[in-house]
Amino acid sequence: MSDVYTPPDVPLNVIHADHEVLVVAKPDGLLSVPGKGPELADCLLLRVQAAFPEALLVHRLDRDTSGVMVYALTRHAQRHLGLQFEKRQIKKTYVARVWGHLTERTGTVDLPLIVDWPNRPRQMVDHENGKAAHTDWRVLRSTEEETRVRLYPKTGRSHQLRVHCLALGHPILGDPFYAEGPARDYPRLMLHSETLKFRHPDGGRGMAFTVKPDF
């Protein structure tokens, strides 16, 4: 995985659009929002706004994570969805391939996280100063070399799933920050936001969108 930013040249993948919300599938390797400097300008937000000029940011995914994202198409929708995220009412499900064989079938990681300032954007576990972070997980299938898991974050801390998998002793394959040796030697970060469930800002109807991973 190169340190040079080479965003994927792929068309915008719109899953759903109505008068309030837009749901798209983010490709891996593309920033959610612009980085610092012109070389980091290309991002999903600008690509979305090229097609939907009224689109407003609600949440982010890491550059190397793929999967479902929702945007607001009105200020009302942005406030409504933002509150759902803030109150942890939005349900997110991820799929990951992790290093090694997970012997347990299900479990929970409840470890507080804080930015590792000398090594940012890396995060680390800090029981004294970290913010609460909670992830449930379930094994889908496993071999001796790797395990496919479904991850259910209850909080939305930066790099939460990546650090929590590392804390289990099973870093996510292809992770440029937390995997080492053979576990890092993959063409991409094997982490994908598979399902997003939220209430529609106009009327509160429950909606769920799923995009299957390509790994």
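None of the figures in this text is laboratory data; all of them are computed from the coordinates on show. All values reported here derive from a predicted model rather than from experimental measurement. Note that each Cβ is placed from the backbone with ideal geometry, even for glycine, and that neighbours are counted across all protein chains shown.
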Under a cut-off of 18 Å between alpha-carbon atoms, report the lysines in cross-link reach of Lys87, not counting same-chain residues fewer than 8 places apart. Lys131, Lys154, Lys197
Dividing the helical contributions, -39500 (n - 2.57) per DSSP H run of n ≥ 4, by the residues of the chain yields a 222 nm value, nearest 500 deg cm²/dmol, of -3500 deg cm²/dmol
Taking +1 at the Cβ of each Lys and Arg and -1 at the Cβ of each Asp and Glu, which of Gly181, Val163, Phe52 sits farthest along the dipole of the range 43-194 towards its positive end, judged by Cα position relative to the Cα centre? Phe52
Near Lys92, which aspartates and glutamates are there with a Cα under 12 Å away, not counting those fewer than 8 places off in the same chain? Asp136, Glu194
